[in-house]
Amino acid sequence: QALLAALQPPPADPILALGGLFAADPRPGRIDLGIGIYKDEAGATPIMRSVKAAEHRLLDTRTTKRYVGARGDRQFAAAMIDLVFGTATDSGRVASLQAPGGTGALRVLAQFLAAVRPEATVWLPDPTWLNHEAIFAAVGLKTAYYPYYDRERSELRFDALCERLRSAAPGDIVLLHGCCHNPSGADLDEAQWRTLAGLLLERDLIPFVDIAYQGFGRGLDEDALGLRILAEQLPELLAASSCSKNFGLYSERVGCAMVLARNPREAEIATARMTVHARTLYSMPPDHGAAIVRTILEDDALLTDWHSELEAIREDMNGKRLHLAKAFRQASGTDEFGYLAHGFGMFSLLTLSPAQIEHARSAFGIYIVEDGRINVAGLPTSRIDDFAEAILAIRK
Ligand code: PMP
């Protein structure tokens, strides 16, 4: 029997499909607000200076390409624990594994959860990054959604979020975006993180923090504040960190899977269990990107330079947000789009129908994801005013 005879193509990934359409569009002024990549004013995603310097150093000093082991580089993981957890907990309590990107970290942790708590439901924010549901489904875990963001009012639904999570079963897992929520750009504030920490503790729920944009919102420490509040107050926590965005290492696949355990002994066991999952998924993580990150995090001069590069990126995105909100205010005479200035990270949502999104593409060459998500970093400053006018025109 032919294996492929009845095989149908999978449904297209809306974000990747949009990239294909954009690439095939010959119009010179077209704007790609699809995939989550930071772009400079010229639309390029250059390699960061600190990354280049670390790469030169590695090129000169590396003498082997031996396997790094399923756990990856322990010093990389130690540096990542510091970057993510700061002083919120004793690092001996954190199990860790170098993973291929944030996605690899999410998948290893999902696999780990499926083995230790197969009966759990993983609660995801509505809306969330499209891959979340698929990753948990791939390991056979149940998922459910809690309200997170009100698309009509363009604001967080914190009360509804708390109410829904109160009905979760003890032992369930709650996935949270550490910062720069994808796709809404709406983050919890400190008081809300504290309230949430109390609720999770009271209801015996385990947080799973996906932190893919640390440093893109308010700052490296500020963006980890929610995760650190949870780490201080809860006995256990899972975290998937990505270096794709904040180090601009998208193609190198660098991430870190972490589990805060109640004590170092349990952390050691959790690391060993994650290592077993990594072995069956991809055996060993790629080395180069993590070696770059470790080189930067361990060197004062490179670290200082990386901080300033990251700050410039953050200021550029926040500046674009202010400019965008102002352009909409001027063109519409209302403050309907004021929320764009208060969002964090690369993404925000526009309330547009699928027909309007299609219209933006065909009439103006503006590429927006089908749920109305825009990558603010993909919008050149010189085009912001045109963009606001085009969006208001298609809504007429
Ligand atoms: N989590 C979220 C919320 C994301 O937006 C992304 C990237 N789009 C990731 C995880 C994974 O990033 P990567 O695998 O490229 O490191």
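Rule-based calculations on the coordinates, nothing more; no lab input. Just so we're clear, the structure is a prediction, and the values are computed from it rather than from any experiment. Cβ atoms come from the backbone with ideal geometry, glycine included; neighbour counts cover every protein chain shown.
General remarks:
- Antiparallel content of DSSP bridges confined to the range 52-190, in %, to 5: 20 percent
- Rounded to the nearest Hz, the phi-derived 3J(HN,Hα) couplings of the range 327-333 under the Karplus curve 6.51 cos²θ - 1.76 cosθ + 1.60 (θ = phi - 60°) are 4, 5, 4, 5, 6, 9, x, where x marks glycine and proline.
- Simple rule: put +1 on each Lys or Arg Cβ and -1 on each Asp or Glu Cβ in the range 25-155, find the dipole, and look at TYR146, GLN75, PRO118; the Cα lying farthest toward the positive end is GLN75.
- In terms of Cα atoms, the Rg and Dmax of the range 19-165 work out to 20.5, 57 Å.
- Other-chain or far-sequence residues with amide H under 5 Å of SER348's (modelled H): ILE374, VAL376
- Net charge dipole, the range 183-250: roughly 160 debye, given to the nearest 20, about the Cα centre with Cβ charges of +1 for Lys and Arg and -1 for Asp and Glu.
- Phi angles across the range 98-109 convert, under the Karplus curve 6.51 cos²θ - 1.76 cosθ + 1.60 with θ = phi - 60°, into 3J(HN,Hα) values of 5, 10, x, x, x, 5, x, 5, 4, 5, 5, 5 Hz, Gly and Pro given as x.
- Between THR87 and ALA5, the C-beta separation translates, for a Förster distance of 51 Å, into a calculated FRET efficiency of about 0.30.
- At full extension, ALA137 and ALA393 could sit 88.2 nm farther apart than now, given 0.36 nm per residue minus the alpha carbon distance.
- Placing unit charges on the Cβ atoms only, positive for Lys and Arg and negative for Asp and Glu, gives the range 95-208 a dipole magnitude near 320 debye about its Cα centre.
- Candidate aspartates and glutamates for bridging to LYS65, where Cα separation is under 18 Å - those fewer than 8 sequence places away on the same chain excluded: GLU55, ASP73, GLU252, ASP287
- For LEU225, neighbours were defined as the other residues whose beta-carbon sits under 9 Å from its Cβ, and their charges (Lys and Arg +1, Asp and Glu -1) total -2.
- Loop chymotrypsin sites (Phe, Trp or Tyr not before Pro), the range 21-82 (other Cβ atoms within 10 Å of the site Cβ: 12 or fewer; DSSP): TYR67
- Ratio Rg/Rh, restricted to the chain and using Cα atoms, in which Rh is the Kirkwood radius: 0.97
- Span from the the range 226-251 Cα centroid across to the the range 283-313 one, whole angstrom: 16 Å
- 0 to 90° range, to nearest 10: angle between helix 190-203 axis and the chain longest Cα axis: 50 degrees
- Distance-filtered residues of the range 342-358 - backbone nitrogen under 20 Å, label point 7 angstrom along ASP150 Cα→Cβ: 342-344, 348-353
- Taking 0.36 nm per residue of separation and subtracting the current Cα-Cα distance, fully stretching the chain between THR45 and THR195 would add 50.2 nm.
- Spin-label model, SER308 to SER382: label points 7 Å out along the Cα-to-beta-carbon direction sit 2.7 nm apart.
- Partner lysines whose Cα lies under 24 Å from the Cα of LYS396, excluding those fewer than 8 positions away in the same chain, are identified as LYS326.
- Looking at the range 4-62, the pairs of alpha carbons with a distance over 17 Å make up 63% of the total.
- Net dipole in debye of the chain [+1 Lys, Arg Cβ; -1 Asp, Glu Cβ; about Cα centre; nearest 20]: 880 debye
- Between TYR145 and LEU124, the built amide H atoms are under 5 Å apart, and every one of these is 5 or more places off in sequence or on another chain.
- Label zone at GLU232, where the point sits 7 Å out along the Cα-to-Cβ direction: the range 178-200 residues whose backbone N lies under 14 Å: 190-198
- Inter-probe distance in nm under a simple model that places probes 7 Å from Cα toward Cβ, at GLU268 and ASP299: 3.4 nm
- Amide H partners (placed H, <5 Å) of VAL174, local residues excluded: TRP123, ILE206, PHE208
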